[in-house]
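All remarks here apply to the structure that follows.
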Amino acid sequence: MASKYKGYGRGERLLEELIPRFDNSLMQRMLIEAGALKDQIQRFTSKTEPESFTIKFMHAETSYWAITFTHPVIQYIPECFRHITKNVPYHFEKGQWLEHIPSYIPNINHVAMNVVYNGGNGEFTNNTSGLFAKYIYNDGTPMTFYSYNILNRWHAKKKYLDESVHEYVRKCFDYCYWRFPTPLDQDEGSCIDNLIYATTSRIREVLVMRKTLVRIFKVEDRVESRTLLEREMRGKFAEVLLLCDDGKQLMSQKRRIFIPVQIIESIKENDVVNAVLIQIDMRKKKKGTIMIGNIGVVSSKKPQAIISIILSKILQNIEDYSSPTRITDVDNLRFEITNFFQTNYNFFESTLGWGNDIPEKISDSLVELFPMFIEDGGNVYQISPAMITFLSTIGPKTLEDKKTLTTIAKLLDMLKINSNFWGSEAIGKLRTSDIYEEIQGNPSCLPNELLKAAPRIVNRIVYSRIFSRHYSHCK
């Protein structure tokens, strides 16, 4: 089916004029990836998504696509994102500004560039401990995510998000969101994580976010300055090992990165850090990397990040028979972890040796990773960030109830990630199952709302898994 040409809107201006002028090779990669991702998404989701569009000279081929959110959307802006939030003049002659707010959206387990028009005073500049919000759609145009990684709220209304669920959302970002750098001998390739800062006339900057484990080898003595989005940062360079993804396996690679002084003060040499990185100078052959966030130090006593990385990598393998919730069995997880340590011995030596107590540490870590991951009956299930978003807005107390969450995971495990399985027959199968009976005692709205929302939630799970993959999946 031919894609639509709108001939108006921000997407056409970006893709037809601004991005080619900024970096034409980036433009070509974005077009290729948009088409490849659309094909992958449509294979595993309902045929109504995503809606695709074309631009001039593309002969009705997909140039970008959009997905809309009619269910509530949760927005989390980690404190470290203050470094990459920027309010810039947009229509200068009209006094209109555009605030660029990189935001973690658990609905699709992704960091997107939320853009908000204003008169010069940004909404999100005062971020000292993380900001949370909820957006509700009633009528008009719903909040929309575009494949060039821009999220526009349109007519969705910003609401207060109950503080009781803040920690669950924060843990989703800490332990479910991973974006590994590629080795130096590979191109970055994927553009779905690009953070584009633009006005009506030009692209001001394009940054790329990565979240991975970093082992600190040596911190240099000299304090230097670097500029990020026209702001000066003081810090030091450090020799590190980064956990990278070459498309086949996770591997470590030596790099030299810049670390701001406030993060340097919280780490020491030989620490393994769950880190948020920003890649700069994307048009240059030699790119720079700045660590803007330290989620926490990983150790043999706190190995949750390692467990979550292995589970997240397994989840990227999507087939027609894949479960939306069941990830693997505990025995296979133990095998994958052992293989991971052996492959990356230099990264973990003398720091995270587990000896013979891997089974106990897996179980203990899964307890700490609740409610995102649950062990039951020898299997490991995921309560995905998409499901946590749904439950946070429908029945927040459910997120404290392991029995109910396990039942929900087993209920959706009855179906598979494939649009062919969805419809009245699939919903009927769920409604008449013994597992469905087990959640009838919960808040009266939960069972029925869950059944109605299940197809959309599974779609969002598919998006999140596809977005996290290495770019070679788009070739």
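The values are calculated or read from the model by the stated rules, or taken from the named source; none is laboratory data. Model, not experiment: these values are computed from the prediction. Note that we place each Cβ from the backbone using ideal geometry, even for glycine, and neighbour counts take in every protein chain shown.
Considering only residues that are part of a strand (DSSP E or B) and surrounded by fewer than 19 Cβ atoms within 10 Å (Cβ to Cβ), look in the stretch 236-251 and name the one that is nearest to the chain's Cα centre (by Cα). This residue is Met251. One residue stands out in the stretch 277-308 among those that are in a loop (DSSP other than H, G, I, E, B) and either within 21 Å of the chain's Cα centre (by Cα) or of a type in the set (Asp, Glu) (or both): the one that is nearest to Lys236 (Cα to Cα), namely Asp281. Here's a check for you: in the stretch 19-55, which residue that is in contact with a Leu (Cβ under 9 Å, 6 or more places away or on another chain) and farther than 24 Å from Trp154 by Cβ is surrounded by the fewest Cβ atoms within 10 Å (Cβ to Cβ)? Step by step, filter the stretch 19-55, then rank; the result is Pro20. In this structure, does Lys236 turn out to be more than 17 Å from Arg179 (Cβ to Cβ) and either in the same structural domain as His100 (by TED's automatic domain parsing) or in contact with a helix residue (DSSP H, G or I) (Cβ under 8 Å, 6 or more places away or on another chain) (or both)? Here the answer is yes, as Lys236 does meet what is asked. Being modelled with pLDDT under 95 and either under 17 Å from the mean Cα position of the chain (by Cα) or at negative phi (or both) is a description that applies to Val88.
Tell me the residue from Leu399, Leu366 that is closer than 30 Å to Asp271 by Cβ and buried (at least 17 other Cβ atoms within 10 Å of the Cβ), please.
Numbers: Leu399 fails: closer than 30 Å to Asp271 by Cβ.
Step by step, each of Leu399, Leu366 is checked, and only Leu366 is closer than 30 Å to Asp271 by Cβ and buried (at least 17 other Cβ atoms within 10 Å of the Cβ).
Of all residues in the stretch 427-475, those being buried (at least 20 other Cβ atoms within 10 Å of the Cβ) and either small (Gly, Ala, Ser) or modelled with pLDDT under 75 (or both) number 4.
Examine the stretch 299-308 for a residue that is under 18 Å from Pro385 (Cβ atoms), surrounded by fewer than 20 Cβ atoms within 10 Å (Cβ to Cβ), at pLDDT 95 or above and touching a helix residue (DSSP H, G or I) at 6+ places or on another chain (Cβ under 8 Å), and state whether such a residue exists. Scanning the stretch 299-308 turns up no residue that is under 18 Å from Pro385 (Cβ atoms), surrounded by fewer than 20 Cβ atoms within 10 Å (Cβ to Cβ), at pLDDT 95 or above and touching a helix residue (DSSP H, G or I) at 6+ places or on another chain (Cβ under 8 Å).
Taking the criterion of being without any contact (Cβ under 8 Å) to a residue 24 or more places away in the chain and under 22 Å from Ser190 (Cβ atoms), no residue of the stretch 135-152 qualifies. In the stretch 118-175, what residues are hydroxyl-bearing (Ser, Thr, Tyr) and either closer than 23 Å to Val208 by Cβ or more than 20 Å from the chain's Cα centre (by Cα) (or both)? Those that are hydroxyl-bearing (Ser, Thr, Tyr) and either closer than 23 Å to Val208 by Cβ or more than 20 Å from the chain's Cα centre (by Cα) (or both): Thr125, Thr128, Tyr137, Thr141, Thr144, Tyr146, Ser147, Tyr148, Tyr160, Ser164, Tyr175. Of the strands (runs of 3 or more DSSP E) lying entirely inside the stretch 172-235, the ones with 3 or more residues being of a type outside the set (Gly, Ala, Ser), within 13 Å of Val276 (Cβ to Cβ) and modelled with pLDDT of 95 or more are found at 203-219. All of Asn274, Asn270 fail the test of being part of a loop (DSSP other than H, G, I, E, B), under 15 Å from Leu243 (Cα atoms) and touching a residue at least 40 places away in the same chain (Cβ under 8 Å), apart from Asn270.
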